[in-house]
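The values are calculated or read from the model by the stated rules, or taken from the named source; none is laboratory data. Just so it is clear, the structure is predicted and the values come from calculations on it, not from any experiment. Virtual Cβ from ideal backbone geometry, glycine too; neighbours counted across all protein chains shown. Accessible surface is based on the protein model in full, side chains and every heavy atom, while ligands, DNA and RNA are left aside. Shrake-Rupley method; radii C 1.70, N 1.55, O 1.52, S 1.80 Å.
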Amino acid sequence: QIQLVESGGGLVQAGGSLKLSCAASGSIFSGNFMSWYRQAPGKQRELIATITSGGTTTYADNVRGRFTISRDTAKTTVYLQMNSLKPEDTAVYYCSGISGSSIRYWGQGTQVTVSS
């Protein structure tokens, strides 16, 4: 029923690009905002980008200018275009959103590995 499914992760060389997708249930996608987080081993989850229902975007300082979050209303899907990737971008990337009943949902995550 209510779910978030990430895809698009993989291994890429430094300087390369990768595009992640998050297919969301309509009840989550129709909420106020959708977000991308990432978590490296032994680290806390880090908020890296958000997009509101109106299309307003925000980014963490260390990804601004390199990453772009977007959404496709028809497909109820959120994307994260990642360019100029660095080894420090290596992490599990998670999609998250809040439903109309104010409950937060998380996807299972997709691994992104950037090699030197």
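The strands (runs of 3 or more DSSP E) located wholly in the stretch 57-113 that include 1 or more residues which are touching a Lys or Arg at 6+ places or on another chain (Cβ under 6 Å) and at pLDDT below 95 occupy 91-98. For Thr77, state whether it is over 12 Å from the mean Cα position of the chain (by Cα) and open to solvent by less than 50 Å² (accessible area, probe 1.4 Å). So Thr77 fails the test.
Among the numbered conditions (1) touching a strand residue (DSSP E or B) at 6+ places or on another chain (Cβ under 7 Å); (2) among the small types (Gly, Ala, Ser); (3) loosely packed, with under 13 Cβ neighbours inside 10 Å, the only one that Ser70 does not meet is (3).
Mind telling me which of the residues Trp106, Trp36 ends up being aromatic (Phe, Trp, Tyr), open to solvent by 50 Å² or more (accessible area, probe 1.4 Å) and either under 26 Å from Ile2 (Cα atoms) or touching a residue at least 24 places away in the same chain (Cβ under 8 Å) (or both)? Sole residue among the options that is aromatic (Phe, Trp, Tyr), open to solvent by 50 Å² or more (accessible area, probe 1.4 Å) and either under 26 Å from Ile2 (Cα atoms) or touching a residue at least 24 places away in the same chain (Cβ under 8 Å) (or both): Trp106.
The condition (being more than 23 Å from Ser84 (Cβ to Cβ) and either touching a helix residue (DSSP H, G or I) at 6+ places or on another chain (Cβ under 9 Å) or open to solvent by less than 60 Å² (accessible area, probe 1.4 Å) (or both)) is satisfied by just one residue among Gly10, Gly42, Gly31: Gly31.
The sole residue among Asp89, Asp72, Asp61 that is within 14 Å of the chain's Cα centre (by Cα) and free of Cβ contacts under 8 Å to residues at least 24 places away in the same chain is Asp72.
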